[in-house]
Amino acid sequence: MLASAVLTALVRRLALAHGVLDIPNERSSHSSATPRGVPRDVCVALIGGGIAAAVVGFVDDRFAVPAGVRLAVHLSAAAWAVYWLGGLTAVRLGDHIAPLGWVGGVLAVLGIAWVLNLFNFMDGIDGIAASEAVFVAGAGALLSAGGGAGVTDAAAVFACACGGFLIWNWPPAKIFLGDVGSGYLGYVIAVLALAATRADSAAVWVWLILGGVFFVDATVTLLRRLVRGERVYEAHRSHAYQWLARRWGSHSKVTCAVLMVNVLWLLPCAVFATRRPSLAAATVIFAFAPLVLVAIATPGRREAND
């Protein structure tokens with residue numbers, strides 16, 4: 001955490017010196033220019049695909065990368081991780097373990113790519129993505145969600161590193177993640193969840209519960225925009241958390257509210273799923289239900305009418 005905090009300060013100085021700034025526009029939730037910036041198989045999966053996700057994110061931060069190119073890189077990074085980790089071979093459903101075979105590999109690739117992108121979607125106000133990464137990785141490590149010592153240690157170190165960055169990213173943010181950071185956070189969390197599932201077929205449900213706020217808000221918003229016929233790959237401010245930030249006039253209030261939901265609701269649900277693995281899949285539905293209702297209840301109007 002200390003190393004991350006010190007290095008983030010250094011990156012911030014370099015970004016300011018070289019003009020690597022996020023300039024506010026009509027889609028932004030900020031008003032001032034801001035800098036942005038294990039086991040062997042798990043290590044290779046994290047580093048190889050993580051570098052690819054970070055590089056395309058960095059290029060996209062500096063220049064406009066076509067959506068098709070970004071998606072191709074994201075899917076390739078996900079496929080790299082699945083190759084090294086063996087895919088999602090089985091999941092626990094009740095008292096049974098369901099083998100998935102090659103279907104599990106496809107689901108794992110799509111899942112990693114989705115988590116990578118949803119962290120990008122949800123990184124729209126100060127501190128929300130970094131604090132979510134601290135919570136999900138930290139709670140996953142504390143619960144030892146099926147990963148064994150290697151994955152648990154990696155998740156704990158990752159949570160601490162995100163905590164060091166969060167010191168600078170907490171509202172009002174002194175530096176932003178940018179696509180280079182948000183995509184990398186999502187990729188690492190998804191890969192850690194997949195790695196944990198190799199040792200415990202119920203672990204995927206636990207990690208899914210821990211990331212419930214991001215999964216629900218991003219998915220409901222995507223479906224809402226699809227129904228409206230909007231271009232889902234274009235930047236927008238129609239997520240529930242973005243609407244709340246405008247309604248409350250505060251980034252910190254929304255970020256703190258998300259943290260409260262994580263700690264007071266999702267964490268207990270994840271603890272229950274960990275202790276009762278036969279009910280883990282059902283607990284996902286139980287944990288997500290109120291979040292879905294809240295996401296649907298937000299106006300979600302077109303921005304022109306907001």
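The values are calculated or read from the model by the stated rules, or taken from the named source; none is laboratory data. Because the structure is a prediction, the values reported are computed rather than measured. Note that each Cβ is placed from the backbone with ideal geometry, even for glycine, and that neighbours are counted across all protein chains shown. Keep in mind that these areas ignore ligands, DNA and RNA; they rest on the heavy atoms of the full protein, side chains included. Shrake-Rupley method; radii C 1.70, N 1.55, O 1.52, S 1.80 Å.
Listing for the model above:
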| read-out | value |
| --- | --- |
| Ranked by how many other beta carbons lie within 10 Å on average, peptides 85-91, 99-105 from highest | 85-91, 99-105 |
| Carbon plus sulfur fraction of accessible area for region 168-292, probe 1.4 Å, in percent | 69 |
| Ellipsoid semi-axes in whole angstrom, largest first, where each is sqrt(5λ) of the Cα gyration tensor of region 199-306 | 29, 16, 10 |
| Between region 81-138 and region 174-195, the alpha-carbon center distance in angstrom | 12 |
| Rounded percent of accessible protein surface that carbon and sulfur make up, region 49-150, 1.4 Å probe | 73 |
| Pairwise label distance in nanometres, A98 with A67, each label 7 Å out on the Cα-Cβ vector | 3.0 |
| Residues D41 and W170, FRET efficiency given R0 of 41 Å [Cβ-Cβ distance, rounded to 0.05] | 0.75 |
| Solvent-accessible ranking of H251, H239, largest area first, probe 1.4 Å | H251, H239 |
| Accessible area expressed per residue, the chain, with surrounding protein chains retained (probe 1.4 Å, Å²) | 46 |
| The chain - convex hull of alpha carbons, volume per residue in Å³ | 123 |
| Qualifying trypsin sites (Lys or Arg not before Pro) for region 188-271 [loop in DSSP, other Cβ within 10 Å: at most 11] | R231 |
| Calculated [θ] (222 nm, deg cm²/dmol) that DSSP helices of n ≥ 4 give over the chain, each run adding -39,500 (n - 2.57) | -23000 deg cm²/dmol |
| Under 5 Å, built H, 5+ apart or other chain: amide partners of F176 | R36, G37 |
